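A.B. asks: Sending over a structure as structure tokens; questions will come in a sec.
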Amino acid sequence: METLKVGELKSNFSHILQRVQAGEEIIISFGKKDKKIAVLVPYDKYISDSPRPLGILKGKAKCIIGDDFQISDEELIVS
């Protein structure tokens, strides 16, 4: 996986998008320290039709969150 600085991405944006469309993944870095801030991945890899497995509980448990589920930021932090 190649790492590009933001300036390189801006200069070659169309070419970079063609590479990503072809299946390549590219890391974007920013700032003087070249901090890695993002990864460009093909949309097909980002969106998956299959549900994510529950790890070691795969096939043994399931978790369904109802549409009416609500929790405030404060409740989440305290819990």
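A.B. asks: Quick one: Ile77 ticks every box in (1) in a helix (DSSP H, G or I); (2) at pLDDT 90 or above bar one, so which box is it?
C.D. replies: (2) is the only condition that Ile77 fails.
A.B. asks: Just name the residue that is farthest from Asn12 (Cα to Cα) out of those in the stretch 26-79 that are over 21 Å from the mean Cα position of the chain (by Cα) and surrounded by 10 or more Cβ atoms within 10 Å (Cβ to Cβ).
C.D. replies: Leu57
A.B. asks: Let me ask something additional. Hey, could you check the stretch 8-25 for residues that are closer than 14 Å to Tyr43 by Cα and not β-branched (Val, Ile, Thr) and say which is surrounded by the fewest Cβ atoms within 10 Å (Cβ to Cβ)?
C.D. replies: In this case the residue turns out to be Ala22.
A.B. asks: Within the stretch 42-67, can you find the residues that are modelled with pLDDT of 80 or more and under 30 Å from Ile16 (Cα atoms)?
C.D. replies: Pro42, Tyr43, Asp44, Lys45, Tyr46, Ile47 - these are the residues of the stretch 42-67 that are modelled with pLDDT of 80 or more and under 30 Å from Ile16 (Cα atoms).
A.B. asks: While we're on this one: Scan the stretch 65-74 residue by residue and report those that are assigned to a loop (DSSP other than H, G, I, E, B) and among the charged types (D, E, K, R).
C.D. replies: Correct list: Asp67, Asp68.
A.B. asks: Another question about this same structure. Between residues in the stretch 20-49 that are over 12 Å from Lys5 (Cβ atoms) and residues that are among the acidic types (Asp, Glu) and part of a strand (DSSP E or B), which pairs lie under 9 Å by C-beta distance while being six or more apart or on different chains?
C.D. replies: Glu24/Glu2; Glu25/Glu2
The values are calculated or read from the model by the stated rules, or taken from the named source; none is laboratory data. Remember, it's a predicted structure, so these values are computed and weren't measured experimentally. Heads up, the Cβs are rebuilt from the backbone with ideal geometry, glycines too, and the neighbour counts pull from every protein chain shown.
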